[in-house]
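Trainee: Next up is a structure, given as structure tokens.
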Amino acid sequence: MILDKETLRANLDKVIWNIEQARITVSEHHIVKLVIVAKYTEIENIKTLYELGQRAFGENQVQQLKERMHALEDLPLEWHMIGRLQKNKINNLIDLRPTLMQSLDSLDLAHEMQKKLTAKEAKMHCLLQINAAKEESKAGVMPEHAIDTYLQIKESCPNINLKGVMTIGAHTDDTKAIQQSFETTHSIYERLEKEGATICSMGMSGDYELAIKCGSNMVRIGSALFQG
Ligand SMILES: *Cc1c(COP(=O)(O)O)cnc(C)c1O
């Protein structure tokens, strides 16, 4: 559905206002970056959001990321990969030079990426995805292995520039459980700050205010922005 500019402006204003309310409860110095997840929406809406001042967008599939980056290459946008990466798509992703690959979800994938990055003499900024609620259906490293895995990637993958962690909040209506998954991830992030981590990416349309209160400094929001 293509939305008119006033609708998108109202949705964006509301989200930004909510982010502001949440981040101020943490500290007036706590800055939160908004990445708009465009996977559900049309290219026209991305263009309109750009005109409204938004620069960072995320996609969860390499193919769609590629199409959109090409279609919008004249705009100074930054693009984030946020979905599961199949090994046979690594080269395609490297060629796209995304701003941030948020879904690095195993040591194995890191090693595979390292090989291909070396061959292409390229580097990539990445976040380590954590399966904080230990859900079967979700990708990511288990929280108890997160620090070790992070350090191993740092040591063995010089072409991967790890910038922090990403998680998807627990998939439940139980607010306490969602909060716990964010707190788990944030405590891992805090321990990695001395290793240079600066990004704690957590919070989507249904839970971003809670995520920010738990210390998130990057939210990935889709559906809340594309309501007609
Ligand atoms: C789709 C998606 C989002 C955005 O989801 P909404 O609930 O629509 O805001 C955020 N992060 C990831 C990893 C996603 O796949």
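Trainee: E59: without any contact (Cβ under 8 Å) to a residue 60 or more places away in the chain, acidic (D, E) and buried (at least 19 other Cβ atoms within 10 Å of the Cβ), yes or no? Before you say what the answer is, go through the steps one by one.
Mentor: Details: without any contact (Cβ under 8 Å) to a residue 60 or more places away in the chain: yes; acidic (D, E): yes; buried (at least 19 other Cβ atoms within 10 Å of the Cβ): yes.
So E59 passes the test.
Trainee: Right, something else. What's the total number of residues in the stretch 213-228 that are farther than 24 Å from T184 by Cα, among the hydrophobic types (A, V, I, L, M, F, W, C) and not in a loop (DSSP other than H, G, I, E, B)? Lay out the reasoning, then the answer.
Mentor: First, the residues of the stretch 213-228 that are farther than 24 Å from T184 by Cα: 223-228.
Adding the requirement that they be among the hydrophobic types (A, V, I, L, M, F, W, C) leaves 224-226.
Those still in the list that are not in a loop (DSSP other than H, G, I, E, B) too: 224-225.
The qualifying residues number 2.
Trainee: Right, something else. Would you check which residues across the stretch 92-109 are open to solvent by 60 Å² or more (accessible area, probe 1.4 Å) and either within 15 Å of the ligand (Cβ to nearest atom) or not basic (K, R) (or both) and list them?
Mentor: Taking the stretch 92-109 as the starting set, the residues that turn out to be open to solvent by 60 Å² or more (accessible area, probe 1.4 Å) are 92, 95, 97, 108.
Scanning the stretch 92-109 gives N92, D95, D108.
Trainee: A further question on this structure: Contact list please: Cβ distance under 9 Å, first residue in the stretch 31-54 and within 13 Å of the ligand (Cβ to nearest atom), second residue among the basic types (K, R) and in a strand (DSSP E or B), pairs at least six apart or on different chains.
Mentor: Listed by first residue and then by second, the contacts come to L34/R220; V35/R220; I36/R220; V37/R220.
Trainee: While we're here: Residues in the stretch 73-81: is at least one surrounded by 17 or more Cβ atoms within 10 Å (Cβ to Cβ), within 16 Å of the chain's Cα centre (by Cα), hydrophobic (A, V, I, L, M, F, W, C) and not in a loop (DSSP other than H, G, I, E, B)? Show your work before the answer.
Mentor: Going through the stretch 73-81, the residues surrounded by 17 or more Cβ atoms within 10 Å (Cβ to Cβ) turn out to be 77, 79-81.
Imposing the further condition that a residue be within 16 Å of the chain's Cα centre (by Cα) reduces the set to 77, 79-81.
Keeping just the survivors that are hydrophobic (A, V, I, L, M, F, W, C) gives 77, 79, 81.
The next check asks that each one be not in a loop (DSSP other than H, G, I, E, B); those that pass are 79, 81.
Yes, that holds for at least one residue.
Trainee: What pairs can you find where one residue is in the stretch 195-212 and assigned to a loop (DSSP other than H, G, I, E, B), the other is of a type in the set (K, R) and more than 8 Å from the ligand (Cβ to nearest atom), and their Cβ atoms are less than 8 Å apart, with a gap of 6+ or different chains?
Mentor: Hits for this filter: G196/K163; A197/K163; T198/K163.
Trainee: If you go through the stretch 181-217, how many residues are within 11 Å of the ligand (Cβ to nearest atom) and closer than 14 Å to V15 by Cβ? Walk me through how you get there before you give the answer.
Mentor: Quick first cut of the stretch 181-217, residues within 11 Å of the ligand (Cβ to nearest atom) only: 201-208, 211.
From what's left, closer than 14 Å to V15 by Cβ: 203-208, 211.
Summing the residues that are within 11 Å of the ligand (Cβ to nearest atom) and closer than 14 Å to V15 by Cβ in the stretch 181-217 gives 7.
So that you can scan it fast, the table gives a plain yes or no per residue for (1) open to solvent by less than 40 Å² (accessible area, probe 1.4 Å); (2) in a strand (DSSP E or B):
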| site | (1), (2) |
| --- | --- |
| H111 | no, no |
| Q114 | yes, no |
| L117 | yes, no |
| L128 | yes, yes |
| K134 | no, no |
| A139 | yes, no |
| D148 | no, no |
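Trainee: If you don't mind, there's one more thing I want to ask. Of all the residues that make up the stretch 93-109, how many are of a type in the set (D, E) and part of a loop (DSSP other than H, G, I, E, B)? If you could, list the steps in order and put the result at the bottom.
Mentor: So in the stretch 93-109, the residues of a type in the set (D, E) come out as 95, 105, 108.
Subset that is part of a loop (DSSP other than H, G, I, E, B): 105.
The number of residues fulfilling the criteria is 1.
Trainee: Please work out which residue is farthest from the chain's Cα centre (by Cα), limiting yourself to the stretch 198-212 and to residues that are open to solvent by 10 Å² or more (accessible area, probe 1.4 Å) and farther than 18 Å from H171 by Cα.
Mentor: Filtering first and then ranking leaves T198.
Trainee: Looking only at the stretch 18-44, how many residues end up being more than 17 Å from F226 (Cβ to Cβ), open to solvent by 30 Å² or more (accessible area, probe 1.4 Å) and not in a loop (DSSP other than H, G, I, E, B)?
Mentor: Within the stretch 18-44, residues that are more than 17 Å from F226 (Cβ to Cβ), open to solvent by 30 Å² or more (accessible area, probe 1.4 Å) and not in a loop (DSSP other than H, G, I, E, B) number 7.
Trainee: Could I ask something else about it? Given the structure, is R9 among the basic types (K, R), within 17 Å of the chain's Cα centre (by Cα), open to solvent by 50 Å² or more (accessible area, probe 1.4 Å) and more than 16 Å from the ligand (Cβ to nearest atom)? Full working, then the answer.
Mentor: Working: among the basic types (K, R): yes; within 17 Å of the chain's Cα centre (by Cα): no; open to solvent by 50 Å² or more (accessible area, probe 1.4 Å): yes; more than 16 Å from the ligand (Cβ to nearest atom): yes.
Answer is no for this residue.
The values are calculated or read from the model by the stated rules, or taken from the named source; none is laboratory data. Bear in mind the structure is a predicted one, so any value in this text is a computation, not a measurement. Backbone-built Cβ (ideal geometry, glycine too); neighbour counts: all protein chains shown. For the accessible areas, the whole protein counts, side chains as well, though only heavy atoms, and no ligand, DNA or RNA atoms are used. Shrake-Rupley method; radii C 1.70, N 1.55, O 1.52, S 1.80 Å.
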